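Enquirer: First the structure, then my questions, so here it is.
The values are calculated or read from the model by the stated rules, or taken from the named source; none is laboratory data. Keep in mind the model is a prediction, meaning the values are calculated, not measured. Using ideal geometry, Cβ is built from the backbone for each residue, glycine included, and neighbour counts are taken over all protein chains shown. Keep in mind that these areas ignore ligands, DNA and RNA; they rest on the heavy atoms of the full protein, side chains included. Shrake-Rupley method; radii C 1.70, N 1.55, O 1.52, S 1.80 Å.
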Amino acid sequence: MHYIDQLTRNERQSALVILIGLCAAGLVLGIAGRDSLLGIHGLMISIIAVVTIFAVISRYYNPEPGAERFDDYYDEPSKLGIILAMGWAVIGMFFGLWTSALLAWPELTFDAGWASFGRIRPVHTSGVIFGFGGNALIATSFYVMQRTCRARLPDQLSPLFILFGYNIFCILAASGYLMGITQSKEYAEPEWYADVWLVIVWVTYFITYLRVLARRKEPHIYVANWYYLAFIVVVAILHIVNNLAVPVSIGSEKSYSIFSGVQDAMTQWWYGHNAVAFFLTAGFLGMMYYFLPKRADRPIYSYRMSILSFWGITFFYMWAGSHHLHYTALPQWVQSLGMTFSVMLLVPSWMSAANALLTLNGAWDKVRDDATLRFMMVAAVFYGLSTFEGSFMAIRAVNSLSHYTDWTVGHVHAGALGWVAMITFGSIYAAVPWLWKRESMYSPRLVEVHFWLSVSGTVVYVLAMWNSGIIQGLMWRTYNESGTLAYSFIESMVAMHPYYIARTFGGLLFLMGAVVGCYNLWMTIRHAPRGARSASDLLPTGTPALQPGE
Amino acid sequence: MFGIHYRLERKATWLILGIIGAASVGGIVEIAPLFTIHQTVENVPHMRVYTPLETAGRNIYIREGCYACHSQMIRTLRDEVERYGPYSLAVESKYDHPMLWGSKRTGPDLARVGEKYSDEWHVAHLTNPRHLVPESVMPSYAWLGRNKLRTDDLGAHLAALRTVGVPYTDEMIKNASADAYGQAAPDTPYAEGVTQRYGEATTVRAFDGRPNDLTEMDALVAYLQILGRLTDAAAKPVAAREDNNAQP
């Protein structure tokens, strides 16, 4: 609760106004929706708001932060964001493990609605993408934007509001799924009121970023910020358009999408694929462009490659969504455009991956010795692999085999585990000692353990899913000599059983790695020896020091 | 070119406008025409809307995340047509807000599962899939048979669906709750209203086998039994469909 002490008196007042507004909104939803599931969420919102109001009031008269705060970057939100990200990682991955176990042992639902596959699967996907990934992006973006702009966050309240509001969204999402509240749009499952709330939070995030940029002392906007900006701006566009819906009433959690059928499918996968592009790629590339050169102590290999790949990714990705709809009722011209742009997308994607790996030239000895940098290196490799695989699977003929199978699941996890999670863990391990002013992580050996658990878990998972997906796809289209289908559907499903067990094992390894990471983070915060303040902690007063990539 | 960028990256506003510009083109080119080119969705006469009970069932299908394992989109591939039936047409999900095409088949496609199995089969299968298919990994949904179906707000649901474009009449909205009851209670006066408003071909049966008890099981089975049967356009030869398209 020391976060409240960092707020000025005025900010504490603003915080109270916001919280009272939130509490009132929660009460309106709670009363209007008293005989539906919405009522529970309304009540939850009010309770969270009231508890926070009491916390603010109890510290309202504590001394205000002094003017010396302006000498330093404002890093408390980044610290909070990293802790939240690691917490969500364990929750999200645990639900993932459980979901995958259900496919091998379907009785693990205890005859309870909330524990069935369809309800816990989105808790896994939202938990890892939005809970883990989103909090890590917000935390690192605050860290990176301040340092690459050489400007402090504009105030103390808005970054904390962004984290607080964003995590309320995540909690509404996850608890809603367990109760059965969902729009069914993949990776956009939360219902209308949570979506509206996220828009408010996201606009605040965007404005905060603009305010830092406006105050920057660095004339050039560093490449990491281009990616973070693209992530914030485009995710806002995607989120608003895809979630346009008409609620049944103010007292009902249920809404109906304004789109239907083929238009809805295209809008959904325009959103879905670009959630991959701008949430899971652009944002994390922003992370990579800062933490990888910093940790390797090498400048970015090529400025021109950074420019070409950034605009290539921003432009091409938005066309690629229709490759999720090959051979469906979507007009073929849209399918062909999607396929074409997906293949072209390989060029900027590999340019980014190459730029990252070539940056390590001259620092490969560090990659060998330092598991943190190795996390980032392996992430860049998996980024290259999974973008190649993605372009490949977007080809119509390949897609006819891979679509609807576990191959897609394997592809997603090659990206999500191999790229997104590994670049995040690498960045967190780099940032934590800098943020908490420690010499290093509590245990570099445990970082090493985490690294090998992550790599082996990812490899086991992806190999299992490649095998099961391709076997599945082939069995569905195999004909026997008399010209009829050779296998019934259930036969293809029985063939998946060993791979589903292997996949669960791979997921278990990955989850164990995350738990080890949490322990290491906790011990670093509590027990690691304090290190000297590094130059990058201080706002520049005189001549600027060289930043990565310049 | 890199010189221009060198100047661009000093101006936050232009950088953001550039991002919005570059990112907008793809969506505008691919999505906007789907609303204006009328061949995108086939023109089919006599396409029926979901009844209130089927709408409730569809919402249960969404709530339980059935779409995560079952697609409702048969692709234009020989093996899919032979396994599941005629390939899906755009018009068949015209009233689906949102669509449930799905993206993964842990279980089989359901686009044409309607009337493929009996109600009893569905009830037994949903109650415990492994009683009928020992190798199945589908969760059991026994509680659906225990949960009473909420019907009092179905009128509001239909009204919201009308707002987004489904042609429900005032009559349908007014009688939504009674129709939901009537569709699963064949020997009551309410049953007549259902066929009056939604057509003679509407299935009126005690889906879960207990006519006096309207449960979530009734609703879900009613929905499963209508899948692929809102129109028979997909079963007609292609030429006949194109004739329909030629009409304004």
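Enquirer: So, in the stretch A:243-278, of the ones that are assigned to a helix (DSSP H, G or I), of a type in the set (A, V, I, L, M) and within 7 Å of another protein chain (Cβ to nearest Cβ), which residue ends up nearest to residue B:47 (Cα to Cα)?
Expert: Step one: list which residues in the stretch A:243-278 are assigned to a helix (DSSP H, G or I), which gives A:261-278.
The next check asks that each one be of a type in the set (A, V, I, L, M); those that pass are A:262, A:265-266, A:275-277.
Next, only the ones that are within 7 Å of another protein chain (Cβ to nearest Cβ) stay: A:262, A:265-266.
On the way: A:262: 16, A:265: 20, A:266: 22 Å.
That would be A:262.
Enquirer: Those residues that are assigned to a helix (DSSP H, G or I) and either modelled with pLDDT of 80 or more or on the phi > 0 side of the Ramachandran plot (or both), I need them from the stretch B:224-248; list them, please.
Expert: Filtering the stretch B:224-248 for residues assigned to a helix (DSSP H, G or I) gives B:224-226, B:233-235, B:238-246.
Result: B:224, B:225, B:226, B:233, B:234, B:235.
Enquirer: Further question: Being more than 8 Å from chain A (Cβ to nearest Cβ), open to solvent by 30 Å² or more (accessible area, probe 1.4 Å), of a type outside the set (S, T, N, Q) and not in a loop (DSSP other than H, G, I, E, B) is true for just one of B:115, B:120. Which residue is that?
Expert: The conditions single out B:120.
Enquirer: So how many residues does the stretch B:78-94 have that are in a loop (DSSP other than H, G, I, E, B), open to solvent by less than 30 Å² (accessible area, probe 1.4 Å) and within 8 Å of another protein chain (Cβ to nearest Cβ)?
Expert: Selection size over the stretch B:78-94: 2.
Enquirer: Let me ask something else about it. Need at least 3 residues that are open to solvent by 40 Å² or more (accessible area, probe 1.4 Å) and more than 23 Å from residue A:414 (Cα to Cα) per element, so show me which helices (runs of 4 or more DSSP H) inside the stretch A:298-379 make the cut, counting only ones lying wholly within it.
Expert: A:303-316, A:332-344, A:364-369
Enquirer: Then there's this: Go through B:126, B:144, B:100 for me and flag whichever is surrounded by 19 or more Cβ atoms within 10 Å (Cβ to Cβ) and under 23 Å from residue B:82 (Cα atoms).
Expert: Answer to the selection: B:100.
Enquirer: Something else now. Considering the stretch A:407-442 alone, what residues qualify as being polar (S, T, N, Q) and at pLDDT 95 or above?
Expert: A:408, A:424, A:427
Enquirer: Return the residues of the stretch A:429-462 that are of a type outside the set (A, V, I, L, M, F, W, C) and over 30 Å from residue A:390 (Cα atoms); say none if nothing qualifies.
Expert: Those that are of a type outside the set (A, V, I, L, M, F, W, C) and over 30 Å from residue A:390 (Cα atoms): A:433, A:437, A:438, A:439, A:440, A:442, A:443, A:444, A:445.
Enquirer: What helices (runs of 4 or more DSSP H), lying completely within the stretch A:116-179, carry at least 3 residues that are in contact with a Leu (Cβ under 7 Å, 6 or more places away or on another chain) and farther than 22 Å from residue A:427 by Cα?
Expert: Counting at least 3 such residues, we get A:117-126, A:157-179.
Enquirer: Among the residues of the stretch A:413-427, is any open to solvent by less than 20 Å² (accessible area, probe 1.4 Å) and within 14 Å of chain B (Cβ to nearest Cβ)?
Expert: no
Enquirer: Next up: Can you say whether residue A:226 is under 30 Å from residue A:208 (Cβ atoms), at the interface with chain B (Cβ under 7 Å from one of its Cβ atoms) and open to solvent by 10 Å² or more (accessible area, probe 1.4 Å), as far as the supplied structure shows? Write out each step before concluding.
Expert: Details: under 30 Å from residue A:208 (Cβ atoms): yes; at the interface with chain B (Cβ under 7 Å from one of its Cβ atoms): yes; open to solvent by 10 Å² or more (accessible area, probe 1.4 Å): no.
No: the conditions fail for residue A:226.
Enquirer: Okay, moving on. Among (1) open to solvent by less than 10 Å² (accessible area, probe 1.4 Å); (2) more than 10 Å from chain B (Cβ to nearest Cβ); (3) of a type in the set (Val, Ile, Thr), where does residue A:234 come up short?
Expert: The single condition residue A:234 does not satisfy is (2).
Enquirer: Out of all the residues in the stretch A:128-138, is one or more more than 30 Å from residue B:70 (Cα to Cα), open to solvent by less than 20 Å² (accessible area, probe 1.4 Å) and either without any contact (Cβ under 8 Å) to a residue 24 or more places away in the chain or not hydrophobic (A, V, I, L, M, F, W, C) (or both)?
Expert: Looking for residues that are more than 30 Å from residue B:70 (Cα to Cα), open to solvent by less than 20 Å² (accessible area, probe 1.4 Å) and either without any contact (Cβ under 8 Å) to a residue 24 or more places away in the chain or not hydrophobic (A, V, I, L, M, F, W, C) (or both), one finds at least one in the stretch A:128-138, hence yes.
Enquirer: Same structure again: Which one of these does residue B:65 not meet: (1) in contact (Cβ under 8 Å) with a residue 40 or more places away in the chain; (2) surrounded by 21 or more Cβ atoms within 10 Å (Cβ to Cβ)?
Expert: Answer for residue B:65: the failing condition is (1).
Enquirer: Additional query: Looking at this structure, is residue A:112 modelled with pLDDT of 95 or more and over 22 Å from the mean Cα position of the chain (by Cα)?
Expert: Against the criterion (modelled with pLDDT of 95 or more and over 22 Å from the mean Cα position of the chain (by Cα)), residue A:112 does not qualify.
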